[in-house]
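Written out below as structure tokens is the structure these notes cover.
The values are calculated or read from the model by the stated rules, or taken from the named source; none is laboratory data. Since we're looking at a predicted model, the values are computed, not measured. Positions of Cβ are generated from backbone atoms using ideal geometry, with glycine treated the same way; all protein chains shown enter the neighbour counts. When the accessible area is computed, the model is the full protein with side chains, heavy atoms only, and any ligands, DNA or RNA have been set aside. Shrake-Rupley method; radii C 1.70, N 1.55, O 1.52, S 1.80 Å.
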Amino acid sequence: MKCMFCGCLESKVIDSRSADDGTIIRRRRECLSCGKRFTTYETVENTPILVIKSSGARQAFDPNKIKNGIIKACEKRPVPIGTIEKLVEDIQKRIYNSLAQEITSKEIGEMVMSALKEIDEVAYVRFASVYRSFTDISSFLAELENMVKNKGKND
């Protein structure tokens, strides 16, 4: 870290403390050349992730949109809010850990559907009906039949 007094690039950390609810680290440094002390702050760099919608439009990734969609799908179902929050957190981690700067809404939707299928089948069908835009009862029935067929294979 460059000393603000003499411009030397060599300094040593004397003290480190967490600040701002653990999202920032405050470091007290001493210049090895002039001996003067100064403070630096370290934060995590958050690179914005863009979601590519089916229309081709791009918008900033917002985990609250995922959470709201899952809450709607789980309405009147025995799914605790803690489970929903964990699911959203897991999806958010997967997205950020991919290190991609863009992700399609289709990829996010598939992640949500895959997880909901394990948690609650009714919530899965509700989410899928909106996500896949079922246009008529036959497409809805086809999805249900596919679920039943796959459930028989997994049992």
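Listed by position, the helices (runs of 4 or more DSSP H) enclosed by region 102-155 that each have at least 3 residues that are at pLDDT 80 or above and either open to solvent by 90 Å² or more (accessible area, probe 1.4 Å) or aliphatic (A, V, I, L, M) (or both) are 105-119, 121-131. Only one entry of E42, E145 meets the criterion of being charged (D, E, K, R), farther than 30 Å from G22 by Cα and out of contact with any Cys (no Cβ under 9 Å at 6 or more places or on another chain), and that entry is E145. Would you call K67 charged (D, E, K, R), farther than 30 Å from M4 by Cβ and in contact with an Asp or Glu (Cβ under 9 Å, 6 or more places away or on another chain)? Here the answer is yes, as K67 does meet what is asked.
Pull up region 34-57, narrow it to residues that are at pLDDT 95 or above and open to solvent by 80 Å² or more (accessible area, probe 1.4 Å), then point me to the one that is farthest from S105 (Cα to Cα). This residue is K36. When the residues of region 58-81 are filtered to those that are part of a helix (DSSP H, G or I) and open to solvent by 60 Å² or more (accessible area, probe 1.4 Å), the one that is farthest from R132 (Cα to Cα) is I81. Restricting attention to region 79-89, does a residue exist that is more than 16 Å from the chain's Cα centre (by Cα), more than 24 Å from N150 (Cβ to Cβ) and among the β-branched types (V, I, T)? For region 79-89, residues more than 16 Å from the chain's Cα centre (by Cα), more than 24 Å from N150 (Cβ to Cβ) and among the β-branched types (V, I, T): present.
Among the criteria (1) surrounded by fewer than 17 Cβ atoms within 10 Å (Cβ to Cβ); (2) more than 23 Å from T47 (Cβ to Cβ), the one N97 does not fulfil is (2). Considering region 1-27, the residues that are surrounded by 14 or more Cβ atoms within 10 Å (Cβ to Cβ) and of a type outside the set (A, V, I, L, M, F, W, C) include one that is nearest to S105 (Cα to Cα), namely R26.
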